[in-house]
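Q: Dumping the structure here so I can ask a few things about it.
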Amino acid sequence: MIVELGHFALVLALAVALLQMVVPMIGAQRRDPALMAVAAPAAVAQFVLIGIAFAALMHAFLTSDFSVALVMKNSHTAKPLIYKIAGVWGNHEGSMVLWVLILSLYGALVALFGGNLPDGLRARVLSVQALIGVAFLGFILFTSNPFIRLDPAPIEGNGLNPILQDPALAFHPPFLYAGYVGLSMAFSFAIAALIEGRVDASWARWVRPWTLAAWVPLTVGIAMGSWWAYYTLGWGGFWFWDPVENASLMPWLVATALLHSAIVAEKRGVLKSWTILLAIFAFSLSLVGTFLVRSGVLTSVHAFAVDPSRGIAILCILVFFIGGALTLYGWRAPVLKAEGLFAPLSREGALVMNNLLLAAAAAAVFIGTLYPLFLDAIGGPKITVGAPFFNMTFVPLMIPLFCLVPIGPLLKWKRSDLVAASERLMGAGVAVIIVIIAVLAFHSRGPWLAALGMGLATWLIAGAFFEVAWRIGLFSGNIRESFRRALRLPRASWGMALAHGGLGIAVAGIVGTTAWRQELVTALKVGDSAELAGYTLTLEKVGMRNGPNYEALVGVIRVTREGREVAVMLPEKRSFPVERQEKTEAAIRTTGFSDLYIVIGDENGQGGWTLRAYYNNLAPWIWAGGMIMAAGGIVSLTDRRYRIGAPNRARSRLAAQPAE
Amino acid sequence: MRVLVISLLMLVFAGAAYAVDPGEQLKDPVLEGRAREISKELRCLVCQNQSIDDSNADLAKDLRRIVRERIVAGDTDQQVLDYIVARYGDFVLLKPPFEPATWLLWFGPFLALLVGAGIAWSVIRRGREGVAPALNAEEKARLEKLLDRSE
């Protein structure tokens with residue numbers, strides 16, 4: 001009954017979305033307030049209805065209702081509660097319901113908190129948002145219905161893939177989706193602006209918080225995914241340039257560019273049509289990501305042909321939205337005229353460089369990810385594009401970008417001189433030189449590129465610090481005055497400093513773990529020891545442990561350093577009888593500056609157990625940096641300028657310094 | 001989303017052993033180091049974008065063994081790669097070869113950068129020549145109103 005109610009709610013949501021798509025748009029064109037007023041309640045109703053459908057599905061998973069085909073395929077009574085919950089989106093159909101749930105949530109938020117938007121813009125934004133909703137609700141109902149019943153109902157389900165039974169991974173998809181789908185807001189704003197033929201400073205100011213609201217969970221989602229890969233896949237890496245990872249990185253890169261170009265559009269009235277284009281691309285790449293992952297085209301073009309209905313449906317949605325948006329852009333963008341002067345050496349000039357490099361980096365990832373498919377589709381040779389390609393194309397684009405990050409915020413709008421900026425960055429420059437010398441001294445044999453990498457990371461971190469220090473006059477000697485200024489500094493400025501500094505911390509982590517990872521691959525008999533990075537690892541014993549729905553082989557490894565016990569580490573290898581799969585659980589001991597990472601393997605037939613251990617320098621910084629970046633986004637989001645809404649010229653002039 | 005694909009991949013090589021078993025390693029650390037470096041350039045054919053150094057699939061294991069055999073037999077790094085490409089095709093290389101079919105791939109990112117730089121340059125040049133924008137009638141009226149109000 002509840003299941004049917006959910007199904008019905010989803011159908012009704014489609015009907016409401018159709019209404020929300022058509023009526024407010026007509027109202028906005030005719031300037032009819034009554035028709036435009038339909039948008040907000042419809043958006044809220046759509047969210048409530050999809051919420052009911054989602055809750056019904058959740059209920060089916062929680063009660064292990066195996067009469068629902070989806071639950072039977074993806075759940076099991078013995079599964080812990082958290083994975084019954086996560087099981088809802090741990091499959092194609094359920095994840096699409098989550099997708100539209102988040103989509104409608106953003107729509108409802110605009111309806112509820114978008115009171116300061118002009119009526120016409122709000123009606124059009126919600127109408128475009130509903131158009132996306134219609135496409136995906138239709139997709140779910142016609143090709144991926146999660147509510148299909150089984151008769152007779154089986155007694156037990158198939159269980160969830162053990163790989164997905166992991167706390168970080170359980171909540172990785174909701175974050176990623178909140179980011180992907182959140183970019184639909186920027187897209188809807190862009191389309192609405194194109195239809196209106198008007199982009200002004202206030203438009204850019206409205207788009208930024210919505211983009212930021214998508215960027216934050218996307219950052220968290222990517223960091224979570226990378227962290228999960230690090231500790232689960234059992235080979236200690238953190239980023240594999242896997243097409244699925246790339247699918248999330250591309251929208252992130254473009255969204256990051258969009259955040260920065262929207263500042264220029266807001267403050268200087270230039271780059272408007274470019275900002276619109278970025279908003280279109282950011283969401284388009286989210287759709288491409290959805291297509292790549294959902295269609296099966298990634299594994300092979302031929303796999304796509306095996307079950308084409310879903311893939312083709314998403315491809316049609318993709319072509320419709322991207323093609324439609326770009327056509328509209330080509331038609332309407334010339335209407336958006338740029339205003340104002342533009343000097344290369346200025347804040348806006350630096351932000352253009354940021355956009356150029358981020359867009360080229362996104363292009364590199366896009367080309368690298370899709371080129372094998374493209375060649376295969378046109379009958380060319382089969383090739384693989386792996387990490388070496390991205391290291392040779394993506395990384396060279398990031399280095400100049402990172403060099404520019406601390407400089408940009410110190411340049412003035414309109415026209416700036418490098419001398420003043422470089423004086424403010426003197427402190428950061430000194431820090432860079434000290435770090436490079438220190439690294440070279442400590443790792444005299446080590447790769448010299450690593451010293452430069454650490455220098456770059458220092459440049460980012462110290463640059464963020466000295467930028468804030470300069471703004472609050474930290475070195476002027478008057479601490480009380482600095483404190484007062486710090487309190488008055490806009491939240492967006494703090495957010496920017498956090499995000500840029502967090503980037504530096506992540507870069508330090510990436511460089512550190514790549515350059516100085518130490519590895520030990522050995523087979524130990526119980527009682528034997530091996531050395532790694534100054535630690536002695538002794539295999540004390542190997543035993544078995546019963547988990548809720550698995551059996552685990554546990555290695556007990558005593559870790560000592562100079563004779564003193566540091567830790568006892570317990571790497572596991574879990575076997576899931578229901579799913580008939582195995583999964584490793586690495587034991588990780590972190591000091592905050594490095595990780596000791598141990599994985600246990602099979603018995604080698606001579607009484608020895610295979611052990612792989614890594615000493616990963618600075619590895620925790622990668623994700624800490626990502627989280628600090630996301631925190632910066634949240635801080636920036638709380639800036640009062642966004643709550644005020646429409647820009648008030650007098651007030652924005654008073655607000656000390658332009659933010660970010 | 002990546003989750004699902006990775007989980008599919010894991011299905012392919014269900015069972016979790018690890019890359020490079022201790023038994024596979026060469027005694028000579030220099031040769032072993034070379035083998036590891038070469039392994040990072042080779043794709044495990046049944047996995048997705050994973051190098052044979054990272055993968056635990058049987059095929060990756062076989063390839064790792066072949067790499068080490070060739071090294072012990074005295075091949076140079078390039079000869080080892082050529083040997084494996086001759087058997088498995090370019091598909092096995094994680095770094096695609098530079099040939100007409102991949103020109104677009106290798107030049108693409110930098111082409112994108114150049115095109116972008118060209119557009120940026122034209123924007124900047126136009127901006128330099130540009131003059132302060134004229135207000136349209138509506139904006140003028142608004143400005144007047146604002147000025148009136150502030151007085």
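Bear in mind these aren't lab numbers, they're just calculated from the coordinates by the rules spelled out. Everything numeric in this text was worked out from a predicted model, so none of it was measured. Reconstructed Cβ throughout: ideal geometry from the backbone, glycine too, with neighbour counts over all protein chains shown.
Q: Apply 1/(1 + (r/R0)^6) to the Cβ-Cβ distance of A:Ile399 and B:Thr76, taking R0 = 41 Å, and write down the FRET efficiency to the nearest 0.05.
A: 0.85
Q: Related question: Sorted by packing (mean other beta-carbon atoms within 10 Å per residue), highest first, where do A:623-629, A:478-484 land?
A: A:623-629, A:478-484
Q: Equivalent-ellipsoid semi-axes (√(5λ), Cα gyration tensor) for the protein assembly as shown, whole Å, largest first?
A: Semi-axes, largest first: 45, 35, 25 Å.
Q: Scanning chain A for helices, which whole DSSP H stretches are 27 Å or more long along the axis (Cα) and average 1.6 or more by Kyte-Doolittle?
A: Helices meeting the span and hydropathy rule in chain A are A:2-30, A:39-62, A:92-113.
Q: Within 10 Å of each Cβ in A:572-584, how many Cβ atoms from other chains are there, averaged over the peptide?
A: Average neighbour count from other chains, rounded to a whole number: 2.
Q: If I take every Cα pair under 8 Å that is 6 or more residues apart in segment A:167-408, average their sequence separation and divide by the length, what percent do I get for the relative contact order?
A: Result for segment A:167-408 is 22 percent.
Q: Assign one of three labels to segment A:167-408, namely rounded, prolate or oblate, based on the Cα gyration tensor with a ≥ b ≥ c the square roots of its eigenvalues; rounded applies when a/c is under 1.5, prolate when it is not and a/b is larger than b/c, and oblate otherwise.
A: Prolate.
Q: I need the peptides A:429-436, A:63-70 ranked by packing, meaning the mean over residues of other C-beta atoms within 10 angstrom, with the highest value on top.
A: A:63-70, A:429-436
Q: On to the next question. Using the structure shown, list the pairs from A:Lys79/B:Lys40; A:Lys525/B:Lys95; A:Lys272/A:Lys382; A:Lys79/A:Lys525; A:Lys541/A:Lys583 with a Cα-Cα distance above 30 Å, or answer none.
A: Checking Cα-Cα distances, A:Lys79/B:Lys40; A:Lys525/B:Lys95; A:Lys272/A:Lys382; A:Lys79/A:Lys525 exceed 30 Å.
Q: Run a plain Debye calculation on segment A:517-620 (Cα atoms as equal point scatterers, no solvent) and give log10 I(q)/I(0) at q = 0.22 Å⁻¹, rounded to two decimals, same order as the q list.
A: With one equal scatterer per Cα and no solvent, log10 I(q)/I(0) is -1.16.
Q: Write out the cysteines belonging to the protein assembly as shown for which the nearest other cysteine Cβ is not under 4.7 Å, or none if no such cysteine exists.
A: Those would be A:Cys316, A:Cys403, since no other cysteine Cβ in the protein assembly as shown comes under 4.7 Å of theirs.
Q: How big is the Cα convex hull of segment A:1-165 in projection, averaged over all directions, in nm²?
A: Across all orientations, segment A:1-165 yields a mean hull projection of 9.8 nm².
Q: In Å and on Cα atoms, what radius of gyration and Dmax does segment A:1-57 show?
A: Spelled out, the Cα radius of gyration and Dmax of segment A:1-57 are 13.2, 43 Å.
Q: Mind jotting down the distance between the C-alpha centroids of segment A:358-415 and segment A:471-489, whole Å?
A: Here the answer is 40 Å between Cα centres.
Q: Averaging sequence separations of C-alpha pairs under 8 Å and six or more residues apart, then dividing by the length of chain A, give the relative contact order as a whole percent.
A: Rounded, it is 12 percent for chain A.
Q: Can you tell me the length gained on complete extension of the stretch A:Phe483 to A:Met426, counting 0.36 nm per residue apart and subtracting the Cα distance?
A: Value of the extension gain: 18.3 nm.
Q: Too long at a 32 Å Cα-Cα cut-off: which of A:Lys267/B:Lys145; A:Lys84/A:Lys573; A:Lys84/B:Lys61; A:Lys573/B:Lys61; A:Lys412/B:Lys140; A:Lys73/A:Lys573?
A: In this structure, A:Lys84/B:Lys61 exceed 32 Å between Cα atoms.
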